[in-house]
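Working notes for the structure below.
Every read-out reported here was derived from the displayed coordinates using simple, explicitly stated rules and does not represent laboratory data. This structure is a prediction, so every number in the text was calculated from the model and none was measured. Every residue, glycine among them, receives a Cβ derived from its backbone with ideal geometry; neighbour counts consider all protein chains shown.
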């Protein structure tokens, strides 16, 4: 059975756990405050100070929007590499055909269009920190090359014949469970262990509700200063709504909500009502698409029950009972319902979701890998063009 790093995601095994204060007084921490007063965040502060003193790979995990890059930047600021580069790469945005070049660079003339040599992210971060965000989305064929770069501390640019030494501390981040990804064959086990030397997990905002008023105060001041506007002051009832909300998008979603409120100060209630509507625990996707529904495309069978597609997540129960506050779950549910509405035809389901056939293939593989949906070119369907998932 695959075992995770001995460093617990809850940070409990870290030796400084019993201390109530980090190694430095809180006022002297060498990074701008990205955490709150909750005890779990104090433990995270302690871990950042400790990890910053050592050169070893760090894996930062947490839900979307909880501040994984901010933690990576805090480690950078707290360590001996603070004066050296911090280079961030979103692995989910890497172009597969250019992935190796983006990370390791390439020599001039190594491929068509390579009119000049490039350094790549590793060499750009030499002496500093390379932050690999969304590491769980890194292409599988690139993972062994990343592993070698970490092990040998050297990179070989595309088209070059000799490796180049690099001095880089890698911090990786993901909102996925990499142990699950390894078991599913989507992530290399050896790379997982190489990255998971120190494992820091950021709790979701709903797990530290006492810090929400502080975030609200911070972002109201920030956006008022940014836009030259008066500071928005929520009343007690409104602030209670902020505290009681689950914030599926975590700090990022809260910040964006405050940003919208700051810009549209005359529409505060409408903005907040729209945001907090998702707090209803019984919120469900429609069980069926009907002819009367304005969202039903005319050329797609509209009376098909949009329930679970065949082979979709056995044992998970009816789709209508799935929680609707997690973006990944929303996406998987939308894919399965689109397949059901299109009678298993991927092309027509792609039209329903407003995505390309290639993207649909990827979405189906993630949402229901056992699905044997029909393949084929999507035929044009009125009322579908321009639709978007999410």
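Considering only Cα atoms, the convex hull volume of the stretch 92-166 works out to 90 Å³ per residue. Mean sequence separation of contacting Cα pairs (under 8 Å, at least six apart), scaled by the length of the stretch 209-279, corresponds to a relative contact order of 35 percent. Between residue 184 and residue 243, how many nm apart are label points set 7 Å from Cα along the C-beta direction? Reported label-point gap for residue 184 and residue 243 is 3.8 nm. Given their separation in residues at 0.36 nm each and the Cα-Cα distance between them, residue 69 and residue 108 gain 10.8 nm when the chain is fully extended.
Stretched out straight at 0.36 nm per residue, the stretch from residue 83 to residue 343 would grow longer than its current Cα-Cα span by 87.9 nm. The listed peptides 44-53, 149-158, 89-98, ordered by packing as a protection proxy, come out as 44-53, 149-158, 89-98 (highest mean of other Cβ atoms within 10 Å first). Figure legend: label point modelled 7 angstrom from the Cα of residue 221 along Cα→Cβ; residues of the stretch 230-264 with amide N under 16 Å from it are 230-234. Between residue 116 and residue 96, the contour length at 0.36 nm per residue exceeds the Cα-Cα span by 5.2 nm.
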